1. Check off (1) surrounded by 21 or more Cβ atoms within 10 Å (Cβ to Cβ); (2) closer than 23 Å to A164 by Cα; (3) at pLDDT below 85 for F105 and give me the number that stays unchecked.
2. Determine which member of the set A91, A123, A83, A141 is over 24 Å from L229 (Cβ atoms), among the aliphatic types (A, V, I, L, M), assigned to a helix (DSSP H, G or I) and in contact with a helix residue (DSSP H, G or I) (Cβ under 9 Å, 6 or more places away or on another chain).
3. When you scan segment 52-71, do you find a residue that is β-branched (V, I, T) and either more than 27 Å from A217 (Cβ to Cβ) or not in a helix (DSSP H, G or I) (or both), even just one?
4. Can you pull out every residue in segment 153-173 that is closer than 16 Å to S46 by Cα and of a type in the set (A, V, I, L, M, F, W, C)?
5. Kindly indicate the residue of segment 162-174 that is part of a helix (DSSP H, G or I) and among the aliphatic types (A, V, I, L, M) and also surrounded by the most Cβ atoms within 10 Å (Cβ to Cβ) among those meeting that condition.
6. Only one of (1) touching a Lys or Arg at 6+ places or on another chain (Cβ under 9 Å); (2) farther than 20 Å from L61 by Cβ is not met by E177, so which one is it?
7. Is it the case that some residue within segment 70-85 is within 25 Å of G202 (Cα to Cα), surrounded by 17 or more Cβ atoms within 10 Å (Cβ to Cβ) and among the charged types (D, E, K, R)?
8. Residue by residue through segment 144-161, note down the ones that are under 14 Å from F59 (Cβ atoms), part of a helix (DSSP H, G or I) and modelled with pLDDT under 90.
Amino acid sequence: MCSGQPGIKVADLRDQDNAFDPSPTGEQNGSMPVDPALLLACVLASVVVALSPGPDMMFVLGQTLAGGARRGWAAAMGIYCGAAVHILLAALGVAALLAAEPALFTALRLAGGAYLVWLGVQALRAAWIGAPAVLPEGVAARRVVLQGMLTNLTNPKVALFFLAFLPQFVAPERAPEWVQMLILGPVLPLVAVPVFAVLIAGAAKASARLARSGRAARWLYGAAGTIFLGLGARLLVSRG
């Protein structure tokens, strides 16, 4: 003879057990918020991008030639600050508004180009009047960090790059897209660190040797100014 309440079946008890089953399913399965294969693809693509000469690399090179390794790393730090803002804007969808507004894109592009041209003129002026190759370290470093951040922020192509680059490695079935973009965004800046390290070390060594001569120091400023002018002109005349 069986005891207990009538009408309760074993299947019902199983259903109740399943209702309280803590094992996650679907999106809450405890998996990584990004797809590991896509993460690896993002790393490999970032290596290729980091090794490709571009405006950021040329800006760091110019600053290193003008003021040594300290200024080179200050420039890289400023670029990283600007990139962090661009990554956040891309994740939040603000960068998409920039892509959809040609007038805003053009205004930002012209502002960035004009700023780079201004930096180039200042460097050429320093070369012409024979200004010292190394400014006071604290002032120079803070100034270069700000310059690097502004040149990066005022380049709308950086915003569009992250907007086009990051979604390629997002798996919609995982975490929300903006979360994945915030995770994947820092991959490229991190991969670029050793590239900048090699570039800065080599340029700083050449700068230190040439800076012993006042004439050579003026040539270094002239080279930096030419680089900045070229970057600014390229941004000003660019359409896409």
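The values are calculated or read from the model by the stated rules, or taken from the named source; none is laboratory data. All of these numbers come straight from a predicted model, not from anything done at the bench. Reconstructed Cβ throughout: ideal geometry from the backbone, glycine too, with neighbour counts over all protein chains shown.
1. Among (1) surrounded by 21 or more Cβ atoms within 10 Å (Cβ to Cβ); (2) closer than 23 Å to A164 by Cα; (3) at pLDDT below 85, F105 violates only (1).
2. On the way: A123 fails: over 24 Å from L229 (Cβ atoms); A83 fails: over 24 Å from L229 (Cβ atoms); A141 fails: over 24 Å from L229 (Cβ atoms).
Just one listed residue meets the conditions, A91.
3. Looking only at segment 52-71, we keep the residues that are β-branched (V, I, T), and these are 60, 64.
Those still in the list that are either more than 27 Å from A217 (Cβ to Cβ) or not in a helix (DSSP H, G or I) (or both) too: none.
No; the residues of segment 52-71 include none that is β-branched (V, I, T) and either more than 27 Å from A217 (Cβ to Cβ) or not in a helix (DSSP H, G or I) (or both).
4. Restricting attention to segment 153-173, the residues satisfying the condition of being closer than 16 Å to S46 by Cα are 158-170.
Result: V158, A159, L160, F161, F162, L163, A164, F165, L166, F169, V170.
5. So the first thing to find is which residues in segment 162-174 are part of a helix (DSSP H, G or I), and the list is 162-169.
Add one more test, that the residue is among the aliphatic types (A, V, I, L, M), and what stays is 163-164, 166.
Working: L163: 21, A164: 12, L166: 23.
Per the criteria, the residue is L166.
6. Answer for E177: the failing condition is (1).
7. For segment 70-85, residues within 25 Å of G202 (Cα to Cα), surrounded by 17 or more Cβ atoms within 10 Å (Cβ to Cβ) and among the charged types (D, E, K, R): present.
8. Taking segment 144-161 first, the residues under 14 Å from F59 (Cβ atoms) are 144-155, 157-158.
Subset that is part of a helix (DSSP H, G or I): 144-153, 157-158.
If the condition is that a residue be under 14 Å from F59 (Cβ atoms), part of a helix (DSSP H, G or I) and modelled with pLDDT under 90, then K157, V158 are the ones that fit.
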